[in-house]
Structure formats: structure tokens, C-alpha cells
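The structure appears below as C-alpha cells.
The values are calculated or read from the model by the stated rules, or taken from the named source; none is laboratory data. Quick caveat, the model's predicted, so the values are computed rather than measured. Cβ: placed from backbone, ideal geometry, glycine included. Neighbour counts: every protein chain shown.
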DNA sequence: TTTCTTGCAAATTCTTTGCAGATTA
DNA sequence: TAATCTGCAAAGAATTTGCAAGAAA
């Protein structure tokens, strides 16, 4: 679950570089927010990150954590697990199918594929738990947005 | 984008059957909420469903739409596009990777797979837009939850 | 200094809940 | 009738924003 020291160092370097390139300030708060996400593979939520950062930066505020995470996402240093989930969206198609998602407008289009349905996933997964289903998410820019 | 009349009819039948089996009432409101999701492939959000249902059931309230959608999801008649997105979660791994998600506890575990990275998606997708990346989401019950 | 950043507090947005009256089987 | 549903209004959770004070180049 923990990321190697080596890897964390590389990620921190990438962060410092990004700041220099973008003319942003690598403040104490920003460094510690990024470090908390960079050092783990457990994909913490905002509240968790906030709680952990506060141990080292007791005065940090929750909205700074939010602002920093948005910034880091925008700069490509991290991404959110479900990027298009501002509001709940529903699907009455209960057959197995997959999704093409336009990363610009958020539109989602279904597609079916027998080939993708019986995709074989790495053997190691079996020791992690019972696999119930496999969903493929294809991301890109839709024809409408491409213009 | 529109679902065939035949398919819509079948979905409505499944809904009526579910109500009977579960001892739930197939009220006007519930029927129209389900119909709105069942008749389209565009995956509408709650507000959109509400707006459309109101055309036929002007007195329906937003919270009834919410309650009905939860109920329908629970009964397996529909599902939400991003089921695990109560709060935002972050990932500092910018290399291509995939996710195993436990549908019980929500824990997410990364895995890499060259084979999955160059998955070939159906040809038809190319006409929908530029494909940028492919993410595989494996859902199941993790070893810890299985007990 | 001068621009960028932070913390506070309040606002927004999305979703859920308690309750009394209306509705359905 | 008897249990279930609905609409209303208010509460709750997650996230965003305006602003004045504070920190970094």
C-alpha cells in the first residue's frame, strides 16, 4: 500500500519542477498536501488528506486542501478516481456493456463488445478477491467537441 | 440515443414484475421516473429526470425522484454510472494503470497490465471521437470483505 | 514590494430525512 | 382498511468562493 521512498522522491521532484515551470509557489501547505497523496496507494479522500496534513501543518484549512488538490489535478500531477461524478447519472441498460466518455463535455455513450466482456484480468487479482464484473472505460474527445 | 419501443416495453414489464414480487406499489410517479431513464441512452442526471417527469406528472417532487431512483437501483433495475463517488478520491500514480474495486467496502487497488493497456476497442468508436486512454475497472468483493 | 496564497466564513450544490396527509392494493 | 408513498420543508454532506490578512519571490 505504501509507495517506495524512491518513487515518492521522484514525485516530489516532479511537483517542484511543475511549480517552477508554472510560476507557482511551492508552499509548505502545498508540499504536504501533495506528499500525502504521493506516499500512498490507497487513494485517500479530501477529509483523510486534510486530517493527515494537519499533523504536520496544524493550521492548514480544509479549503486550502481542496484548492491544492484542484490545482494539482489541473497540472496533471494527480487525478481523481472518478473524474465525471459531479452529479449522479443513471443507466437502465442492465446488460453488460462499456462506456466511451468524452473528457471535455462529459457525454457518455454505451457500447457492447463480446471481446471485452470476457477479458482476462491478471492472475494476481484472484488473490485479492472475487471478481464479479469487468467494465471498460474508454476516454477521449467526442466528435462534437473536436469540432 | 433513443431506446426502441420494444425494449422500453420490456423494461417497463420488468419494472412491474419487480413491484409485484417485492410488494411495492407501481405508482404513477415511480412508473414515470423509471420510464424516463428506460427510454434513453443518454444517462440523464437527477435534475434532468425530474424536469422530464414533471411534464407528465406536474406535482412530482424532486425528493420522490431521488427516492425512486435509489429504490430502482437497489432492486437492480438501473445502476448509476459512477457508483463509488460519494466523495472525491485522489491518485498520484500518473502511469497507465487499472483498478480493482471492492463493491462492498469501496477500497480500490491499482494494478498494471501491459495486455490491458493496449486493448483494442471496437472499430466503431473511432467515428465517435479520438480515443485517448482505456481504463479497466474490475469489480468484486475483496478478500477482507469476503471474510 | 508586489504578487500569490491562505484561512475564515459564508454560500452553493447535491442528496437525504422526518413527518403528516394522500394513495394504492 | 392497512400499509405504503408522497410532498413539503428542513437538514446534511461535499465542495466552492469572496475577501482581507499573511507569506513567498
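How many residues does the stretch A:77-112 contain that are in contact (Cβ under 8 Å) with a residue 40 or more places away in the chain and either assigned to a loop (DSSP other than H, G, I, E, B) or over 20 Å from the mean Cα position of the chain (by Cα) (or both)? Summing the residues that are in contact (Cβ under 8 Å) with a residue 40 or more places away in the chain and either assigned to a loop (DSSP other than H, G, I, E, B) or over 20 Å from the mean Cα position of the chain (by Cα) (or both) in the stretch A:77-112 gives 4. With respect to residue A:53, is the statement that it is free of Cβ contacts under 8 Å to residues at least 60 places away in the same chain and either exposed (fewer than 14 other Cβ atoms within 10 Å of the Cβ) or near DNA strand D (Cβ under 10 Å from one of its atoms) (or both) true? No.
From the list B:24, B:72, the one residue that fits, being in contact (Cβ under 8 Å) with a residue 24 or more places away in the chain, within 12 Å of DNA strand D (Cβ to nearest atom) and within 27 Å of residue B:106 (Cα to Cα), is B:72. Scan the stretch B:56-79 for residues that are surrounded by fewer than 17 Cβ atoms within 10 Å (Cβ to Cβ) and in contact with a strand residue (DSSP E or B) (Cβ under 8 Å, 6 or more places away or on another chain) and the total you get is 2. In the stretch B:80-92, the residue that is surrounded by the fewest Cβ atoms within 10 Å (Cβ to Cβ) out of those that are touching a helix residue (DSSP H, G or I) at 6+ places or on another chain (Cβ under 9 Å) and more than 16 Å from residue B:36 (Cα to Cα) is B:87. Residues considered: B:3, B:33, B:8, B:65. Of these, the only one that is modelled with pLDDT of 95 or more, in contact with a helix residue (DSSP H, G or I) (Cβ under 9 Å, 6 or more places away or on another chain), more than 7 Å from chain A (Cβ to nearest Cβ) and away from DNA strand C (no atom under 15 Å from the Cβ) is B:8.
When you scan the stretch B:124-142, do you find a residue that is surrounded by fewer than 18 Cβ atoms within 10 Å (Cβ to Cβ), away from DNA strand D (no atom under 16 Å from the Cβ) and part of a loop (DSSP other than H, G, I, E, B), even just one? No: the stretch B:124-142 contains no residue that is surrounded by fewer than 18 Cβ atoms within 10 Å (Cβ to Cβ), away from DNA strand D (no atom under 16 Å from the Cβ) and part of a loop (DSSP other than H, G, I, E, B). Test of understanding: among A:114, A:42, A:82, which residue is facing chain B (nearest Cβ under 7 Å) and at pLDDT below 95? Just one listed residue meets the conditions, A:82. Return a yes/no flag: does the stretch A:36-45 have any residue that is in contact with a strand residue (DSSP E or B) (Cβ under 6 Å, 6 or more places away or on another chain), in a helix (DSSP H, G or I) and in the same structural domain as residue A:19 (by TED's automatic domain parsing). Checked against the condition, which is being in contact with a strand residue (DSSP E or B) (Cβ under 6 Å, 6 or more places away or on another chain), in a helix (DSSP H, G or I) and in the same structural domain as residue A:19 (by TED's automatic domain parsing), the stretch A:36-45 yields at least one hit.
Filter the stretch B:48-62 down to the residues that are under 17 Å from residue B:73 (Cβ atoms) and within 14 Å of DNA strand C (Cβ to nearest atom) and list them by number.
Step one: list which residues in the stretch B:48-62 are under 17 Å from residue B:73 (Cβ atoms), which gives B:48-50, B:53, B:62.
Correct list: B:48, B:49, B:50, B:62.
When the criteria are applied in full, residue A:42 meets the requirement of being in contact (Cβ under 8 Å) with a residue 12 or more places away in the chain and more than 30 Å from residue B:35 (Cβ to Cβ). Here are some conditions: (1) within 14 Å of DNA strand D (Cβ to nearest atom); (2) under 26 Å from residue A:87 (Cα atoms). Residue B:8 meets all but one. Which one does it not meet? With (1) within 14 Å of DNA strand D (Cβ to nearest atom); (2) under 26 Å from residue A:87 (Cα atoms) applied to residue B:8, the lone miss is (1).
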